[in-house]
Each structure stands twice: as C-alpha cells, then as structure tokens.
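Notes follow once the structure below has been shown.
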Amino acid sequence: MRFLADRKHLAIIAAKFSCGAPRAGAEKGPEAIIRTGVFNDIAKKANLSLVFETLAPGDHPHQTLSDTSILGLKRPLEVSADAQRVSSSVYQQARLGRFVLTLGGDHSIGAGTVSGTAKAIRERFQGQDIGVLWIDAHADINTPETSVSKRLHGMPVAFASGIAKSPQEGVFDWLEESHIIDLGKFVYIGLRDVDEAEKEIIARNNIKAFTMDDIRRIGIETVMDEALDYIGKETPVHASYDIDSLDPEWAPSTGFPVPSGLSLNEGMLVAKRLHESGNLITLDLVEINPDIATARLDVTVNAGCELIKNGLGLGDC
Ligand SMILES: [Mn+2]
C-alpha cells in the first residue's frame with residue numbers, strides 16, 4: 001500500500017455500462033455485488049470510509065446521437081464517451097491517493113480505468129509508469145481493423161496502450177499521452193481464448209502472457225512470482241479482473257464463459273498476492289452479467305466478492 005496517500009477511504013466506482021458488449025446485462029453487475037453488503041463488511045473490518053460514485057448511461061450527449069461508425073464498429077461514440085467518464089472518475093480518486101475499485105460493466109470500461117490510473121500516478125510520482133495485470137480468458141487487444149465482432153469490449157488494451165489509434169472523431173480521441181500504459185509493464189494471466197490477430201499483436205509487441213496452459217504447467221504461485229517480478233517491485237499496480245478468467249464452474253454469469261479457467265482458489269490467490277505485494281492501487285471487477293445463468297448468479301457474485309476481499313487483504317472475512 002506504499003503508493004496510497006489516503007488509506008482511510010476506499011473509492012468504489014459503479015460503472016453501469018454494457019454497450020461495449022453484444023448483449024445487455026453487465027450494467028447490472030455493480031448492483032449485484034453491492035447488494036450483498038460486502039462493502040459494509042469491508043468498511044467495518046478494514047476501518048475504511050466508503051466513497052461511492054455511480055456512472056450510468058443517460059446524461060451525456062452521445063446518447064442522443066445516432067451512433068454512426070467507421071470500420072463497422074458497434075456503438076463506438078457511446079462506448080468511448082462512457083470509458084472517458086470512467087477514466088476521469090478513476091483519475092479524480094486515484095490522484096487523491098485512494099485505493100480505487102471499479103465495478104463493471106463490460107470490459108470496454110478498462111480503457112478508462114487503466115488510463116485514469118496511469119495519468120494519476122504519473123502526476124503523483126513524477127512520470128512513474130504503472131504496471132497492469134490483465135486477468136482474463138480473452139486478450140481484449142483487438143484493434144478496430146482486426147476485430148471480427150467489432151465490439152469495443154474486445155479492444156480496451158489496444159486503445160489504452162496506443163496500439164489502436166482513434167479511428168474516427170469522438171472515438172477514443174480523448175486519450176492523451178499521459179493516459180497511455182507501458183506494455184513493458186503489462187502482464188496477462190489466464191488467457192485461453194485468443195484470436196489469431198491478437199496472438200500476432202501480442203507476439204509483435206513482446207507482451208508478457210501467462211496462458212491457462214502455463215498456469216497448469218508451472219502453477220499459479222510461480223506465475224504470480226514471475227508476473228510481479230516482471231512488473232517490478234517498485235511499481236504501482238492496476239489489476240483489471242475479468243470474472244471470465246475464472247472457470248464457468250465458479251463464474252457462470254458472464255457473457256463469454258470459456259472452459260478450463262482459474263479455480264476460485266487460484267483466482268483468490270492472484271488477488272491475495274497482489275495485495276501482499278503492497279503495490280496494488282486500483283482494481284477492476286468486470287463482466288458479471290446477472291441476466292446470464294440467473295439460477296447460479298449467487299455463485300458468480302460470491303466469487304466476485306471473494307476476489308475483491310482478497311485484493312483488499314481481507315480474504316479471511
Ligand atoms: Mn475481458
């Protein structure tokens with residue numbers, strides 16, 4: 001926690017957006033987590049004051065525009081504007097030195113969370129770059145050109161790292177140099193459903209990635225040792241946790257479940273190790289969709305709560 005200046009407050013941003021995904025529902029993810037009362041437990045046990053902020057569609061001008069697009073992108077103006085709001089909110093809280101937890105929402109908001117964190121840390125620590133752990137079944141690094149689905153939730157890493165440039169006016173043209181993350185301090189964990197074009201992008205940019213095969217081969221503890229070593233011990237870390245990194249047994253309520261994922265214990269260990277590193281400053285939990293596998297939503301939500309608690313060092317409560 002050495003990079004936090006305000007350890008009395010926990011900022012929780014509910015990012016109720018789902019236009020980056022093909023179907024709605026992920027906008028209800030934040031409420032599903034909050035309803036459990038997990039944050040009351042956390043506040044009590046960690047003696048933290050909670051600062052809640054809710055971001056939802058409906059109050060920005062792009063909503064009323066017909067969302068025309070270049071390259072066949074789906075709802076790019078809206079997704080970009082939503083991510084910009086997320087970026088600005090994360091930045092405002094992170095620059096105060098608070099731990100920021102962002103609840104999604106589809107993963108397109110990740111372009112907002114990492115960029116907001118990157119900017120705040122550069123400001124607070126004289127140009128210091130953040131490290132990013134992207135824990136996900138998917139790489140989310142397609143560009144508008146390479147994407148098959150043309151959905152923006154498959155592209156946040158490409159935009160936040162500068163690999164994808166703004167394809168048209170109003171689409172991620174708000175990203176400034178201070179927002180852009182350094183891929184030399186970026187690590188994937190849990191990949192198992194990666195497009196061919198994404199594999200090429202990952203190889204070309206020499207991005208560190210631990211696939212599920214790697215995790216089965218060397219074990220999650222060793223993976224975390226190597227991931228944290230790679231990012232560096234003196235680097236503040238943002239973790240973007242896609243619930244679909246977990247095996248569908250523990251996280252069925254998500255848009256694109258992929259078999260053979262992390263067990264809940266492995267997922268919790270990732271979060272716990274991040275906390276224990278002392279460098280975790282911002283955390284996202286995204287892609288819980290209460291409209292999917294509704295009968296087992298409680299299993300998914302419980303898994304999400306466990307990831308959050310472990311990330312905050314409260315795994316045993
Ligand atoms: Mn994702």
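Could you identify which residue out of 55, 191, 264 has the top mean-square fluctuation in a GNM of the chain using Cα springs shorter than 10 Å?
In the Gaussian network model the winner is 55.
Cut-off 10 angstrom, C-alpha nodes, Gaussian network model of the chain. Which of 57, 30, 76 fluctuates the most?
Ranking 57, 30, 76 by mean-square fluctuation puts 57 first.
Give the shape of the stretch 207-304 as rounded, prolate or oblate, defined through the alpha-carbon gyration tensor: a ≥ b ≥ c are the square roots of its eigenvalues, a/c under 1.5 means rounded, and otherwise the shape is prolate if a/b is larger than b/c and oblate if not.
Here the stretch 207-304 falls in the prolate category.
Over the chain, with a Gaussian network built from C-alpha contacts below 10 Å, which listed residue (119, 165, 150) shows the highest mean-square fluctuation?
165
Using only alpha carbon pairs under 8 Å that are at least six residues apart, calculate the relative contact order of the stretch 190-317 and give it in whole percent.
27
Between residue 217 and residue 34, what FRET efficiency follows from the Cβ-Cβ distance if R0 is 35 Å, with the result rounded to 0.05?
Step by step, r from the Cβ atoms, then E = 0.40.
Of all the stretches in the chain, which is the longest one without any exposed loop site, taking GluC sites (Glu not before Pro) in a DSSP loop (any state but H, G, I, E, B) with at most 12 other Cβ atoms within 10 Å?
Formally, the longest exposed-site-free interval is 1-144.
According to a simple spin-label model (label point 7 Å from Cα along Cα-to-Cβ), what is the distance in nm between residue 149 and residue 96?
Using points 7 Å along Cα→Cβ, the separation is 3.4 nm.
For residue 176 and residue 52, what is the calculated FRET efficiency with R₀ set at 25 Å and r taken between the beta-carbons, to the nearest 0.05?
Using R0 = 25 Å, I get an efficiency of 0.40.
Below 8 Å between Cα atoms, with a sequence gap of 6+, how large is the relative contact order for the chain in percent?
Once normalised by length, the contact order is 21 percent.
Sticking with the crude label model, points 7 Å out along Cα→Cβ, report the distance from residue 316 to residue 226 in nm, one decimal please.
Distance between label points: 3.1 nm.
Need one number: nm distance between label points at residue 234 and residue 128, each 7 Å from Cα along Cα→Cβ, rounded to one decimal.
1.0
Does the stretch 4-44 classify as rounded, prolate or oblate by the C-alpha gyration tensor (a ≥ b ≥ c root eigenvalues; a/c under 1.5 gives rounded; else a/b over b/c gives prolate, otherwise oblate)?
oblate
Counting other Cβ atoms within 10 Å of each Cβ, which chymotrypsin sites (Phe, Trp or Tyr not before Pro) in the stretch 66-136 have at most 16 and sit in a DSSP loop?
Here the chymotrypsin sites (Phe, Trp or Tyr not before Pro) that fit, given the DSSP loop and packing criteria, are 125.
For the chain, what proportion of DSSP beta bridges, expressed in % and rounded to the nearest 5, is antiparallel?
Here the share of antiparallel DSSP bridges comes out near 0 percent.
Just order 34-40, 241-247 by mean Cβ neighbour count inside 10 Å, highest at the front, would you?
Packing order, densest peptide first, comes out as 241-247, 34-40.
Using the alpha carbons of the chain, what is the convex hull volume per residue in cubic angstrom, as a whole number?
114
Here are some pairs, 16/45; 45/119; 233/272; 74/165; 185/208; 233/309; which of them have Cα atoms lying more than 20 Å apart in this structure?
From 16/45; 45/119; 233/272; 74/165; 185/208; 233/309, over 20 Å: 16/45; 45/119; 233/309.
Taking +1 at the Cβ of each Lys and Arg and -1 at the Cβ of each Asp and Glu, which of 282, 149, 79 sits farthest along the dipole of the stretch 9-311 towards its positive end, judged by Cα position relative to the Cα centre?
Farthest along the dipole direction, towards plus: 282.
Values in this text are rule-based calculations from the coordinates and carry no lab data. None of the values given here were measured: they were computed from a predicted structure. Using ideal geometry, Cβ is built from the backbone for each residue, glycine included, and neighbour counts are taken over all protein chains shown.
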